[in-house]
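The values are calculated or read from the model by the stated rules, or taken from the named source; none is laboratory data. Remember, predicted model here, so these are calculated numbers, not experimental data. Here Cβ is always computed from backbone atoms with ideal geometry, including for glycine, and neighbour counts include all displayed protein chains. For accessibility, only protein heavy atoms count, side chains too; no ligands or nucleic acids. Shrake-Rupley method; radii C 1.70, N 1.55, O 1.52, S 1.80 Å.
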Amino acid sequence: MTVTIYADYLCPNCKTFEDENMAQLDQYVKDGTVKFEFVPVSILDRLSNGTEFSTRAASSAYCVIESDPDLFQAYNTTLFANQPAENSDGLPTAQLAQIAQTTGVSQAGQDCI
């Protein structure tokens with residue numbers, strides 16, 4: 001079975017889902033019970049004061065998936081842990097790259113961001 005999750009890094013409900021369910025989903029993946037697919041989306045750009053945070057965050061996730069797929073979950077978790085409030089500017093792109101660096105993402109992944 002494949003579990004597919006669509007999430008926006010500005011979405012508080014997405015963060016709640018992540019916080020409450022990801023450990024169990026990770027265990028299911030390790031057990032071979034499920035295959036996991038995460039799809040970053042950008043549906044809340046209108047709530048980031050014109051900075052398009054949702055799009056930038058989703059794009060950064062795709063950079064990590066492309067450059068360092070084994071580090072995606074760490075990056076994903078850290079992005080949600082640093083989630084900005086709705087109706088804020090969100091995180092600057094440089095901070096998204098810094099989060100990638102702290103989770104061990106390669107220079108290529110950081111440069112993509």
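Screening the chain for whole DSSP H helices with an alpha carbon extent of at least 27 angstrom along the helix axis and a mean Kyte-Doolittle hydropathy of at least 1.0 yields nothing. For region 40-49, the Karplus equation 6.51 cos²θ - 1.76 cosθ + 1.60, evaluated at θ = phi - 60°, returns couplings of x, 10, 10, 10, 10, 3, 4, 9, 10, 6 Hz by residue, with Gly and Pro reported as x. Here the chain is assigned +1 on the Cβ of each Lys and Arg and -1 on the Cβ of each Asp and Glu. Its dipole about the Cα centre then comes out at about 40 debye.
Show log10 I(q)/I(0) for region 4-113 at q = 0.16, 0.21 Å⁻¹, two decimals, from a solvent-free Debye sum over equal Cα scatterers. Log10 of I(q)/I(0), two decimals: -0.68, -1.12.
Between residue 5 and 37, 38, 39, the built amide H atoms are under 5 Å apart, and every one of these is 5 or more places off in sequence or on another chain.
Summed over the residues of the chain and divided among them, the accessible surface reaches 54 Å² per residue at a probe radius of 1.4 Å.
When only Cα pairs below 8 angstrom with a gap of at least 6 residues are kept, the chain shows a relative contact order of 29 percent.
Other residues with beta-carbon under 10 Å from the beta-carbon of residue 90 carry, at +1 per Lys or Arg and -1 per Asp or Glu, a net charge of -3.
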